[in-house]
Amino acid sequence: MRLPGLSALLGICMLTACGGGGGGGGSSTTTPNPAAATNLTAVTVGPGPSNQNNINMPFASITVCQPDGSNCVTIDGLIVDTGSYGIRVMASVLATAGLTLQNTTDPNNSSNTIAECIPLLGGYTWGPLASATIKINGETATNIPINVLNDNGSYTPPVPTACTQATSNTSLSSVSALHANGLLGVGLVPYDCGQSCAQCAAASGGCTASNDIYYSCNASSGVCNPVEVAETAQARNPVTAFAVDNNGVILELPSIPSTGSMVATGSLIFGIGTQSNNSLGSAAVLTVNEIPFISTTFNGQVLNMSFIDSGSNALYFNDSSIATCSQAADFYCPASPVSLQASNQGANGTISAVSFQVDSLDSFSNKNFAFNDLAGTAVTSSGTNMVNNDFDFGLPFFFGRNVFIGIDGANAGGITGPYYAY
Amino acid sequence: MAINPRHLGAALSMLLWQAPVFAALGGDAHSLDADRTVMSGQLRSTSMQQYDLHEITTSGGTVIHEYMTRQGTVFAVTWRGPFAPNLQQLFGSYYQQFQKGVAGSAPGMHRVMTIAQPDFVMHAVGLMRSYHGSAYVPSLVPTGVSVGTLQ
């Protein structure tokens, strides 16, 4: 992405004041919250842990303790992810921090432990469940299940092939593959699988990779079999386990210039309508019909499987009129910035227009890690187009907005989740 | 959209027959049964004007559509539901092209992925508890079928 125009871009950046801060594209910060507020934590869009050079990934730190609240350590470099549910931390990162959590025993087989495999498009994650008490500033989730990702061989049974076959068979269970120390999943629901994993034994064929993501694993034999795990024993969206401020979150990221920002610093605020710093105000509330989807109208097409996701590093949508990049076909590289508009509609009928800009990946300074105009392709423009039902409002959407996530079933500011609001 | 009894009969007989594992995308009718078995699914088949549509509903509620030419070759697949399907099974001999496409895309976590290999095209969304996508083999698509209409 380094280009001849780099110094020129930096020149423009300095002329137009990219925000405070030093070199590169400068940095941007949201308005500070009241000093007394403890229902929030800082979020930094930057390169991430171990200089992973992430673009548009929001990171935060949490405190992880033994279930009884002892031996607390700080774990940084977790992706603040409104598109997943629950805490996932690399085993090596916990080990380096000096915390050893006990793997969760299968309640029906004391010689086995419970592990979890999450199929994702870039690969899978694998590792045991463990109980921990999580503290984030003033909030505490006492004794909740989290998922320890086995990046250091500390967990013996290998990942079941039934799970890896749902992916490209690539492991994302490492800092270098995930480009993060883990995930802070604070999305729309409390549990990371839900009823199916809790009731799969009664299904035709029992628990399988088709209806379950949990396994009961034996360290001696190395065998893992799909197993039922009650919802409350599944990896838990930590927000839903807080004593207060547990009905949702707000991710607040500052406005940044279209040329990008070296870093951007904002806040993850806990609770909606529970404190002076988290009221819905005049935000447009879009309830979700089928989790996690809303309907987006774009270029005259209705895309009814659209979503808002801080774990996506770009806006992903199909527009075959915009050129894709020659070196990174995943992304758009228009000859000059393109201004576009979409319209989002919630299940409750709320309609909200969204204006956004797409600029060329090739024009971005490689000194910056935050961009509000990075966009990627959703459907190939070559040959016959496939059905396209989705618009992914990734991190660029969050800059300059306060995005509310109202959790499923919770009364969040007078409106029952699941919803997005902004 | 009428269900052709001939295909229903074929589907029912396949339910009772443990076929050897064949590829799905690019594969033949045998692969359907392999898919159904691997993914603990129920199979329902419908004869359309230009192709046969085979629908597998897995025990977890994910619905898989396999589009088969009149000559009996699966040229496209789609999926949608709360659990990711077994893509190695579903993509069959095209799984390696899928792997190549993943390897060639940006590193790290993806929620949306689009792959355009020479003879394998895929678009998918993968979120926890919600997966959907479609894939097809351009050279196998029957003349006159618009891939954009296959849900």
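The values are calculated or read from the model by the stated rules, or taken from the named source; none is laboratory data. Bear in mind the structure is a predicted one, so any value in this text is a computation, not a measurement. Note: ideal-geometry Cβ built from the backbone for every residue, glycine included; neighbour counts use all protein chains shown. Please note that ligands, DNA and RNA were not included when accessible areas were found on the heavy atoms of the full protein model with its side chains. Shrake-Rupley method; radii C 1.70, N 1.55, O 1.52, S 1.80 Å.
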Original post:
Top to bottom by accessible area (1.4 Å), largest first, where do A:Thr105, A:Thr232 land?
Top reply: A:Thr232, A:Thr105
Subject >> Integer Hz, Karplus 6.51/-1.76/1.60 couplings in order for the range A:135-141, x for Gly and Pro >> reply: 10, 10, 6, x, 9, 9, 10
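What's the magnitude of the charge dipole for chain A around its Cα centre, counting Lys and Arg as +1 and Asp and Glu as -1 at the beta-carbon? Answer in Debye, nearest 20.
Value, rounded to 20: 580 debye.
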Subject >> GNM result for chain A, Cα springs below 10 Å: residue of A:Gly187, A:Gly127, A:Gly206 fluctuating most strongly >> reply: A:Gly206
**OP:** Return the whole-Å distance between the Cα centroid of the range B:112-151 and the Cα centroid of the range A:86-130.
**Re:** 33
**OP:** Return the FRET efficiency for the residue pair A:Thr161, A:Thr96: r is the Cβ-Cβ distance, R0 is 45 Å, and the value is rounded to the nearest 0.05.
**Re:** 0.90
**OP:** When a/c is below 1.5 the answer is rounded, else prolate if a/b is larger than b/c, else oblate, so apply that to the range A:255-355 with a ≥ b ≥ c taken from the square roots of the Cα gyration tensor eigenvalues.
**Re:** oblate
**OP:** Taking the dipole about the Cα centre of the range B:20-142, with the C-beta of Lys and Arg at +1 and of Asp and Glu at -1, give me whichever of B:Gln96, B:Gly41, B:Gly108 is farthest to the positive side.
**Re:** B:Gly108
**OP:** Only residues of the range B:105-144 count here: report those whose backbone N is under 13 Å from the spot 7 Å along Cα→Cβ of A:Thr170, or say none.
**Re:** B:105-116
Subject >> Length-normalised contact order of the range A:7-241 in % [C-alpha pairs under 8 Å, at least 6 apart] >> reply: 21
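What is the range B:20-142 by shape, rounded, prolate or oblate, if you read a ≥ b ≥ c off the alpha carbon gyration tensor as root eigenvalues and call it rounded for a/c under 1.5, prolate for a/b larger than b/c, and oblate otherwise?
Since a/c reaches 1.5 but b/c is at least a/b, the shape of the range B:20-142 is classed as oblate.
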Original post:
Peptide A:389-396: average number of partner chain Cβ atoms within 10 Å per residue?
Top reply: 3
**OP:** Divide by every residue of chain A the summed helix terms, -39500 (n - 2.57) for each DSSP H run of at least 4, and state the resulting mean residue ellipticity at 222 nm, rounded to the nearest 500 deg cm²/dmol.
**Re:** -1500 deg cm²/dmol
**OP:** Can you bin the range A:278-421 into rounded, prolate or oblate? Criterion: square roots of the alpha carbon gyration tensor eigenvalues sorted a ≥ b ≥ c, rounded for a/c under 1.5, prolate for a/b above b/c, oblate for the rest.
**Re:** prolate
Original post:
Taking the Cα centre of the range A:7-241 as the origin and placing charges on Cβ (Lys, Arg +1; Asp, Glu -1), which of A:Thr232, A:Pro128, A:Val64 is farthest toward the positive end of the dipole?
Top reply: A:Val64
Original post:
Lys/Arg Cβ at +1, Asp/Glu Cβ at -1, dipole of the protein assembly as shown taken about the Cα centre: which of A:Ala328, A:Tyr214, A:Ser28 is farthest positive-ward?
Top reply: A:Ala328
Subject >> chain A: C-alpha pair distances exceeding 27 Å, % >> reply: 52
